[in-house]
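> Right, I'll just put the structure down here and ask away after.
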Amino acid sequence: LGIWQHPEGKKLIDVCCGAKFTAVLDCEGDVFVFGKNSHNIFADGEVTRLEPQTDAAIASAMTRLPSLDSSSQWVSLKCGWSHLILKGISPQGEEILYGWGRDDMQQYASSETSTECSSGQKRVPLALPPSGNYISEVWCGSEMTVIADCQGLLWYSGWQDDGIESNASSSVEWKPLLKEDGGHMQAHSEHGGVFSGHVACGGAHTFCIASR
């Protein structure tokens, strides 16, 4: 097991793991990734293998993702098997969400076509849910993403093989996560947001601590 330390000694504040890659976030909003790049999260065609997992191998394999722009920064990250969701904050305090990586099954609902960075990576901004409310929280399963809007309503995009149909064929909008009675699932919400620990995604299922 290798150990990676920030090359500039900055504090690391968040980490997430996909199927064969890892992403970490530092205190100044920079994101580093390493692992197998099968869906262009890092840069076009690049595959980094960590064998053996020594400190030096991990350090040389780390790739810094491009920042959003000179005045915005990333503040949190979530990983599916082969996709990455980054949340950023603009100078005006607005939340900005982008998806990277695999999207052939609409793993995340995007509002625009992808933007190619100078390094070859492609990212797309996430769409708002049909409610029009801003996105409060994000979770990732294997090949899907679940979001909560500011009212606690849960929406999803992507593939699950049990109980939730895929929207890969046509729609690029978030779909409501429904209860057995057909009602819209709503996570417990306080102060205009949802606590991240109230929802969890497995490979092909979602668990929610809901409002009564």
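> Just the residues that are in contact with a strand residue (DSSP E or B) (Cβ under 7 Å, 6 or more places away or on another chain) and either modelled with pLDDT of 85 or more or in a loop (DSSP other than H, G, I, E, B) (or both), please, taken from region 169-182.
Scanning region 169-182 gives 172, 174, 175, 176, 177.
Matching residues to (1) modelled with pLDDT of 60 or more; (2) charged (D, E, K, R); (3) surrounded by 11 or more Cβ atoms within 10 Å (Cβ to Cβ):
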{"position": "160", "(1), (2), (3)": "no, no, yes"}
{"position": "167", "(1), (2), (3)": "no, no, yes"}
{"position": "184", "(1), (2), (3)": "yes, no, yes"}
{"position": "187", "(1), (2), (3)": "yes, no, yes"}
{"position": "191", "(1), (2), (3)": "yes, no, no"}
{"position": "198", "(1), (2), (3)": "yes, no, yes"}
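The values are calculated or read from the model by the stated rules, or taken from the named source; none is laboratory data. Since this is a predicted model, take the numbers as computed values, not measurements. Because the Cβ atoms are built from the backbone with ideal geometry, glycine has one as well, and the counts that use them run over all protein chains shown.
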